[in-house]
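**Q** Dumping the structure here so I can ask a few things about it.
The values are calculated or read from the model by the stated rules, or taken from the named source; none is laboratory data. Keep in mind the model is a prediction, meaning the values are calculated, not measured. Positions of Cβ are generated from backbone atoms using ideal geometry, with glycine treated the same way; all protein chains shown enter the neighbour counts.
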Amino acid sequence: MSSVLIVEDDATLREFLFELFSGEYSCSAADSAEEALSRLNSEHFDVVITDVSMSGMSGLELLGNIRQRWPEISVIIISGIRDKEYAEGLVRMGAFDYLVKPFELVDVYQSVARALEQQGQSPVGQQKAESTTSGEGEKGKEPTEVFSSIRLEKVFSLSELLELAQRSRMSGYIDLRWDESTLKEADRTGRFKDASGSFDEALKQGTGTIYLHDGLMIDATIADTEASPYWREAEQSLVLLVRLATWVRVGLGAWGFITPEMSRVNKLSVSDNSGKIFGIITAEEESQNGSEEGVAPEETVEEKRPLPQVADPGMHFGKDSGVEEDASVAYVV
């Protein structure tokens with residue numbers, strides 16, 4: 001019999017969902033993400049249905065843990081946040097589906113049915129192994145894709161992804177990829193010049209990788225080998241990737257993978273991913289301030305104004321939070 005775990009801190013909704021599934025499936029319920037993780041450590045589940053906004057660990061953090069430790073489990077997210085980009089971002093990060101509260105019970109029932117049907121048609125291990133065809137020897141054995149095609153300029157920032165990786169103690173790597181539109185925007189900013197003052201040719205590589213062990217960044221590369229004309233040292237590579245994700249973002253996507261073993265040599269000294277990125281951005285700001293004499297203050301501010309960040313998934317969204325909920329919309333991807 002297929003098994004379903006419901007993670008919801010609202011007792012009424014938790015009971016409704018339990019009643020909906022307990023007749024046909026082996027069903028369990030938890031009122032927090034922490035309790036859910038405890039259950040997952042000792043019991044097998046095929047599908048997890050979880051709220052996003054809960055006290056303590058959020059549903060987003062729970063999603064990250066499940067995708068890293070139990071990638072075969074389908075995770076269905078339920079939330080009161082009405083935002084299509086946010087919903088699509090969660091699905092790209094590994095959620096099977098996203099439903100907006102309040103939803104019709106038939107919608108979540110059908111979502112679970114689709115998740116179980118997909119598991120029966122395409123074993124997760126086989127599907128993920130086929131999705132990664134290059135760089136497996138260098139990046140680890142049999143990597144499992146946990147999220148793909150995150151549009152950093154639209155949904156999540158690089159800092160948010162690395163924060164999630166740190167909270168879930170992810171071991172693996174995040175690939176960043178960009179295109180011609182990224183190069184044009186990078187050139188337009190005037191921020192990406194090498195020692196000679198020319199546009200940094202390393203950006204033409206079009207890809208970069210940030211490696212993680214137990215959630216912390218340990219290495220970064222622009223090219224795979226030192227023989228490449230685009231190769232940069234780990235610290236230089238990380239700075240370039242952070243600058244792209246901060247000041248350009250256009251055409252920039254992210255793919256995340258976990259690996260059973262991480263054998264990379266630690267080339268970065270990082271105790272906090274967000275702190276490291278903040279230090280890089282701050283240094284960039286100071287450098288720009290020192291090189292832009294004669295530029296009108298308002299122009300400088302406009303050039304460096306950060307783009308809006310996605311609301312913290314751990315926040316509570318409801319009638320008193322200032323974030324609009326819409327009962328009539330549900331995003332099923």
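**Q** Might you check whether a residue that is touching a Gly at 6+ places or on another chain (Cβ under 9 Å), at pLDDT below 95 and of a type in the set (Val, Ile, Thr) occurs anywhere in the range 248-267? Walk me through it before giving the result.
**A** Kept after step one, since they are touching a Gly at 6+ places or on another chain (Cβ under 9 Å), are these residues of the range 248-267: 256-264.
From the residues that got through so far, the ones that are at pLDDT below 95 too are 256-264.
When the remaining residues are screened for being of a type in the set (Val, Ile, Thr), the result is 258-259.
Checked the range 248-267: at least one residue is touching a Gly at 6+ places or on another chain (Cβ under 9 Å), at pLDDT below 95 and of a type in the set (Val, Ile, Thr).
**Q** Here is a follow-up. Step by step: first the residues of the range 16-42, then only those that are within 13 Å of Ile6 (Cβ to Cβ) and among the charged types (D, E, K, R), then the one that is surrounded by the fewest Cβ atoms within 10 Å (Cβ to Cβ). Which residue is that? Even if it seems obvious, please write down each step before you answer.
**A** Looking only at the range 16-42, we keep the residues that are within 13 Å of Ile6 (Cβ to Cβ), and these are 16-22, 25-33, 35-36, 39-40.
If we keep only those that are among the charged types (D, E, K, R) too, we end up with 19, 31, 35, 39.
Values: Glu19: 11, Asp31: 17, Glu35: 17, Arg39: 17.
Taking the candidates together, the pick is Glu19.
**Q** Still on this structure: Could you identify the single residue in Ser287, Ser271 that is at pLDDT 60 or above, more than 22 Å from the chain's Cα centre (by Cα) and either surrounded by fewer than 18 Cβ atoms within 10 Å (Cβ to Cβ) or hydrophobic (A, V, I, L, M, F, W, C) (or both)?
**A** On the way: Ser271 fails: more than 22 Å from the chain's Cα centre (by Cα).
So the residue among Ser287, Ser271 that is at pLDDT 60 or above, more than 22 Å from the chain's Cα centre (by Cα) and either surrounded by fewer than 18 Cβ atoms within 10 Å (Cβ to Cβ) or hydrophobic (A, V, I, L, M, F, W, C) (or both) is Ser287.
**Q** Would you please list the contacts, defined by Cβ atoms under 9 Å and residues six or more apart or on different chains, that run from a residue in the range 206-232 that is on the phi > 0 side of the Ramachandran plot and at pLDDT 90 or above to a residue that is outside any loop (DSSP other than H, G, I, E, B) and of a type in the set (A, V, I, L, M, F, W, C)?
**A** Going by the 9 Å Cβ cut-off, the qualifying pairs are Gly206/Leu183.
**Q** Moving on to the next point. Looking only at the range 1-55, count how many residues are assigned to a helix (DSSP H, G or I), among the aromatic types (Phe, Trp, Tyr) and touching a residue at least 24 places away in the same chain (Cβ under 8 Å). Write out each step before concluding.
**A** Filtering the range 1-55 down to residues assigned to a helix (DSSP H, G or I) leaves 11-22, 33-42.
With among the aromatic types (Phe, Trp, Tyr) added as a condition, the list becomes 16, 18, 21.
Okay, now just the ones that are also touching a residue at least 24 places away in the same chain (Cβ under 8 Å), so 16, 21.
So the count comes out to 2.
**Q** From Asp107, Asp97, grab the single residue that is under 24 Å from Asn65 (Cβ atoms) and either modelled with pLDDT of 75 or more or out of contact with any strand residue (DSSP E or B) (no Cβ under 9 Å at 6 or more places or on another chain) (or both).
**A** On inspection, the qualifying residue turns out to be Asp97.
**Q** Could you list all residues from the range 152-190 that are outside any loop (DSSP other than H, G, I, E, B) and either over 26 Å from Asp200 (Cα atoms) or in contact with a Gly (Cβ under 6 Å, 6 or more places away or on another chain) (or both)? First the steps, then the outcome.
**A** Filtering the range 152-190 for residues outside any loop (DSSP other than H, G, I, E, B) gives 158-167, 172-177, 180-189.
Passing the criteria: Glu160, Glu163, Leu164, Ala165, Gln166, Arg167, Gly172, Ile174, Leu176, Arg177, Ser181, Thr182.
Matching residues to (1) at pLDDT 80 or above; (2) of a type in the set (Lys, Arg):
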{"position": "Lys128", "(1), (2)": "no, yes"}
{"position": "Ile150", "(1), (2)": "no, no"}
{"position": "Leu164", "(1), (2)": "no, no"}
{"position": "Met170", "(1), (2)": "yes, no"}
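**Q** Okay, moving on. Do we find that Leu90 is out of contact with any Gly (no Cβ under 8 Å at 6 or more places or on another chain), in a helix (DSSP H, G or I), more than 22 Å from Thr144 (Cβ to Cβ) and not charged (D, E, K, R) in this structure? Break it down into steps so the answer makes sense when it comes.
**A** Details: out of contact with any Gly (no Cβ under 8 Å at 6 or more places or on another chain): yes; in a helix (DSSP H, G or I): yes; more than 22 Å from Thr144 (Cβ to Cβ): no; not charged (D, E, K, R): yes.
When the stated conditions are applied, Leu90 does not pass them.
**Q** Which of the residues spanning the range 192-213 are of a type in the set (A, V, I, L, M), surrounded by 12 or more Cβ atoms within 10 Å (Cβ to Cβ) and over 20 Å from the mean Cα position of the chain (by Cα)?
**A** Ala202, Leu203 - these are the residues of the range 192-213 that are of a type in the set (A, V, I, L, M), surrounded by 12 or more Cβ atoms within 10 Å (Cβ to Cβ) and over 20 Å from the mean Cα position of the chain (by Cα).
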